[in-house]
1. Using the Cα gyration tensor of region 127-182, with a ≥ b ≥ c the square roots of its eigenvalues, what is the shape: rounded (a/c below 1.5), prolate (a/b larger than b/c) or oblate (neither)?
2. What lysines sit close enough to LYS89 to cross-link, taking a C-alpha to C-alpha distance under 25 Å and skipping anything fewer than 8 places away on the same chain?
3. Scan the chain and note any complete DSSP helix (H) whose C-alpha atoms cover at least 15 Å along its axis and whose Kyte-Doolittle average is 0.5 or more.
4. Can you give me the Kirkwood hydrodynamic radius for region 175-251, using every pair of distinct Cα atoms, in Å to one decimal?
5. Report the residue, chosen from PHE61, PHE112, PHE222, that carries the largest GNM mean-square fluctuation when the chain is represented by alpha-carbon nodes joined by springs under 10 Å.
6. Want the number for THR12 to ALA168: 0.36 nm per residue separation, take away the alpha-carbon distance, what's left?
7. What does the C-alpha gyration tensor say about the overall shape of region 94-137? Classify as rounded when a/c is under 1.5, otherwise prolate if a/b is larger than b/c, or oblate.
8. Test of understanding: in a Gaussian network model of the chain with alpha carbons linked when under 10 Å, which of ALA180, ALA168, ALA240 would top the mean-square fluctuation ranking?
Amino acid sequence: MLKEVIATRYITPLREGGSLPGLVEADDFGTYVLKFTGAGQGRKTLVAEVVCGELARRLGFRVPRLVTVDVDPVLGLGEPDQQVQELLKSSGGTNLGMDFLSGALGFDPLAFEVSAEEAGRIVWFDALVNNVDRSWRNPNLLRLHGETWLIDHGATMIWHHNWPAAEASAARPYDAADHALARFAPDVRSAAAALAPLVTGELLAEVTAEIPDVWLLDEPGFATPDDLRRAYARPLLARAATIHERVKGER
Ligand SMILES: Nc1ncnc2c1ncn2[C@@H]1O[C@H](COP(=O)(O)OP(=O)(O)OP(=O)(O)O)[C@@H](O)[C@H]1O
Ligand SMILES: [Mg+2]
């Protein structure tokens with residue numbers, strides 16, 4: 001289970017983020033980037049962050065630690081910014097937090113070097129989860145002490161927006177032409193050989209168990225949160241074996 005903390009202070013919005021994530025302080029004295037359950041993109045974005053973030057971590061990628069953050073809408077009362085106030089008001093209860101990497105720089109494909117090996121691993125992972133939000137325009141990668149960190153997995157697994165068509169959607173190729181790391185000659189084949197065998201049913205059960213139940217309730221067609229967890233696991237298991245053959249435009 002993800003660690004649970006309680007937000008004690010709203011510090012500031014992170015204006016670069018489209019969903020207006022906020023920086024908060026919590027009762028464990030940690031500083032977290034908060035992704036709001038009341039943000040326009042909805043709670044599926046948060047589910048995607050947990051599934052992809054926790055899967056990536058278990059595959060050996062650097063991902064800031066994820067926690068759940070309990071928000072009391074009262075926190076918003078003193079907020080001068082109307083938009084922030086609305087977000088806090090509509091996000092009572094369980095939200096997503098991640099360790100704030102103080103001093104990290106946004107990844108710039110023209111300023112940083114990445115090996116073909118590392119680029120291959122990241123492109124392969126993004127193909128697996130169908131991440132459409134790691135382009136050179138918006139890399140969603142951070143650099144800290146010369147190391148690359150993966151953030152922002154909200155725009156992945158497009159199939160979870162239409163479960164009846166999930167199987168067909170998950171069979172589609174991945175277009176890496178615009179990928180932030182496309183210019184580093186990503187070695188997707190070697191990455192697939194190393195990583196695909198690790199993506200087992202067991203691992204995916206462990207990963208999906210991390211999704212808080214409250215974000216899985218009332219999904220049409222699913223009686224229980226665990227049914228929905230299995231639906232998240234299935235397309236990933238199916239894609240892991242062969243997605244490297246369907247990565248377009250990576251070179
Ligand atoms: N864990 C972190 N540590 C430090 N900075 C972070 C962290 N997470 C996010 N940021 C900063 O905040 C910005 C917005 O975060 P993120 O990309 O997750 O939000 P978003 O609303 O999903 O953005 P997008 O506009 O890409 O959809 C990042 O580009 C980065 O500059
Ligand atoms: Mg982003």
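1. Numbers: a/c = 3.11, a/b = 2.11, b/c = 1.47.
Judged from the Cα gyration tensor, region 127-182 comes out prolate (a/c at least 1.5, a/b above b/c).
2. Leaving aside lysines fewer than 8 places away in the same chain, those within reach of LYS89 are LYS3, LYS35, LYS44.
3. Working: long enough: 43-58 (23 Å, 0.05); 116-129 (20 Å, 0.61); 225-242 (28 Å, -0.54).
Helices meeting the criterion: 116-129.
4. Working: mean 1/r = 0.0693 Å⁻¹.
Answer for region 175-251: a Kirkwood hydrodynamic radius of 14.4 Å.
5. In this elastic network of the chain, the residue with the biggest mean-square fluctuation among PHE61, PHE112, PHE222 is PHE112.
6. Working: separation 156, 0.36 × 156 = 56.16 nm, distance 4.13 nm.
Taking THR12 through ALA168 to full extension adds about 52.0 nm, to one decimal.
7. Because a/c hits 1.5 or more and a/b fails to exceed b/c, region 94-137 counts as oblate.
8. ALA168
Each reported figure results from applying straightforward, stated rules to the coordinates on display, with no laboratory input. Given the structure is predicted, the values throughout are model-derived calculations rather than measurements. Glycine also receives a Cβ, built like all others from the backbone with ideal geometry; neighbour counts cover every protein chain displayed.
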